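The values are calculated or read from the model by the stated rules, or taken from the named source; none is laboratory data. Quantities reported herein were computed from a predicted structural model and do not represent experimental measurements. Cβ sites come from the backbone with ideal geometry, for glycine too, and all protein chains shown count toward neighbours. When the accessible area is computed, the model is the full protein with side chains, heavy atoms only, and any ligands, DNA or RNA have been set aside. Shrake-Rupley method; radii C 1.70, N 1.55, O 1.52, S 1.80 Å.
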Amino acid sequence: LQGIFVLGLPYALLHSGYSGLFLIVLAAALCCYTGKILIACLYEENEDGQLVRVRDTYEDIANACCKKLSPKLGGIVVSVTQVTELLMTCILYLVVSGNLLSHSFPSVPVAERTWSAVAFVALLPCVFIRTLKVVSKLSQLCSLVHFMIVLVVMTYCLTQIQQWSWAKFRLSIEFEDFLVSVGVIIFSYTSQIFLPTLEGNMRNPGEFRCMLSWTHFLACVLKTTFALTAFLTWGEDTKEVITDNLPSFLQTLVNLCLLTKALLSYPLPFFAATEIVFVCISRGNHSNYRPPLFALGVRGSFLLLTLLMAMFIPHFALLMGLTGSVTGAAMTFLLPSLFHLKLQWNKLSCLEKCADISVFILGSLCSLAGIVCSIKGLLGAFG
């Protein structure tokens, strides 16, 4: 919940004004709620009225909802959406890596796309990652680097507190820019893909709801504080990646730390995406065996695809907004509320049904509008 994409939140505030602060809080509340109802879909009551975990994954929930149409249709849709979101996350890491390298070495006459290719070379060993143990160690280092970066940015912003002015917030906003900001904010909260596995591996799953409430509350406080202090510091000059606003003596250091974080973050979504593909293939072949050369080929193809996409769409905030509007909204709002209504309709109160329907409608509107505006923004960026 506190990944590298918080760097786009001050830019989102630039285009959403005061409503952006409300959106950060609202998105936290809605994402926390949909996370809880998604986990509720894993359980059914037995004859004694006790809740029993009868499903293990997001795909299992989808298959249970679509079993009358097709036993595997729901799982296929969810798997495709998951892989898309994970690959888009990988692409974003490459885009931001190219951006960071470009701004760290401005005297070097190299285009941002070329810098993305340089970062890609450092990621080539990812094709050899076969277990989650390696990924977990990289993610641990990534978390340490992240908090160091946020501390540096926040400390600098606090030294400029005498320049802060609430007048920098826009009262009137452009509707299209606002909708792109919605996608950016939603994408910074997406975690539903990992929740069923997380809950299943907890020592005491009964504490899941409490854990989810506290983590989303703390994430909301940290995101709001970070975005607000950064925006109040730079106002209308706020850039897509907030570290580009730092003075040169700090920018190079922080950008290199961010580059390290981006490269360390890449293996987790990359590994998760390839594992989903391997699981789907294994189910089709009714075997868990995967030939080494085939596995290398799939990982290599995914790695190359992320590079090509990063080089052709080098716009960090717009790409993040598009991803949040498409896959982020679907996995975070649409599918959990739809699945909850389908599987638990007879057990839900009228208020719960209204809440699920409201979340689904709101998610649909935000997703549709965000897709149109993000694509329009990307087309405009390409001239």
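As a summary of the residue check, PHE316 satisfies the conditions (1) under 30 Å from TRP164 (Cα atoms); (2) modelled with pLDDT of 80 or more; (3) open to solvent by less than 50 Å² (accessible area, probe 1.4 Å) except for the one numbered (2).
Condition check ((1) more than 25 Å from SER116 (Cβ to Cβ); (2) at pLDDT 85 or above; (3) touching a His at 6+ places or on another chain (Cβ under 8 Å); (4) small (Gly, Ala, Ser)) across all residues:
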position	(1), (2), (3), (4)
SER248	no, no, no, yes
LEU263	no, yes, no, no
TYR266	no, yes, no, no
PRO269	no, yes, no, no
GLY284	yes, no, no, yes
ASN288	yes, no, no, no
LEU293	yes, no, no, no
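Of the residues screened, VAL121 is not one that is open to solvent by less than 30 Å² (accessible area, probe 1.4 Å), on the phi < 0 side of the Ramachandran plot and in a helix (DSSP H, G or I). In region 12-52, of all residues being among the polar types (S, T, N, Q) and outside any helix (DSSP H, G or I), the one that is nearest to ALA167 (Cα to Cα) corresponds to GLN50. Within region 335-377, the set of residues being among the polar types (S, T, N, Q), within 26 Å of ARG55 (Cα to Cα) and in contact (Cβ under 8 Å) with a residue 60 or more places away in the chain comprises SER337, GLN344. Got at least one residue in region 89-97 being modelled with pLDDT under 85 and farther than 30 Å from MET311 by Cα? So far as region 89-97 goes, no, none of its residues is modelled with pLDDT under 85 and farther than 30 Å from MET311 by Cα.
For every residue, the table says whether it meets (1) of a type in the set (Ser, Thr, Tyr); (2) over 24 Å from the mean Cα position of the chain (by Cα); (3) at pLDDT below 85.
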site: ALA28; (1), (2), (3): no, no, no
site: ALA40; (1), (2), (3): no, no, no
site: LEU69; (1), (2), (3): no, yes, yes
site: THR84; (1), (2), (3): yes, no, yes
site: VAL110; (1), (2), (3): no, yes, yes
site: VAL127; (1), (2), (3): no, no, no
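Hey, among LEU13, LEU26, LEU73, LEU69, which residue is open to solvent by 10 Å² or more (accessible area, probe 1.4 Å) and under 24 Å from SER188 (Cα atoms)? Explain how you work it out, then say what you get.
On the way: LEU13 fails: open to solvent by 10 Å² or more (accessible area, probe 1.4 Å); LEU73 fails: under 24 Å from SER188 (Cα atoms); LEU69 fails: under 24 Å from SER188 (Cα atoms).
None of the others qualify; the one that does is LEU26.
Taking region 323-373 as the range and being in contact with a helix residue (DSSP H, G or I) (Cβ under 7 Å, 6 or more places away or on another chain), open to solvent by 30 Å² or more (accessible area, probe 1.4 Å) and modelled with pLDDT under 80 as the test, the residues that pass are VAL326, CYS366, ILE371.
Figure legend. Inter-residue proximity from region 46-72: first residues among the hydrophobic types (A, V, I, L, M, F, W, C), second residues surrounded by fewer than 11 Cβ atoms within 10 Å (Cβ to Cβ) and part of a loop (DSSP other than H, G, I, E, B), beta-carbon distance below 8 Å, spacing 6+ or different chains. Indicated pairs: VAL52/ASN46. When each of LEU296, LEU222, LEU264, LEU256 is tested for being open to solvent by less than 60 Å² (accessible area, probe 1.4 Å) and touching a residue at least 24 places away in the same chain (Cβ under 8 Å), the lone residue that passes is LEU264. Scanning region 171-219 for residues that are polar (S, T, N, Q) and either at pLDDT 90 or above or farther than 21 Å from ARG53 by Cβ (or both), we see that the one that is farthest from the chain's Cα centre (by Cα) is SER172. Across region 58-101, the number of residues qualifying as in a helix (DSSP H, G or I), more than 24 Å from PHE302 (Cα to Cα) and not β-branched (Val, Ile, Thr) comes to 5.
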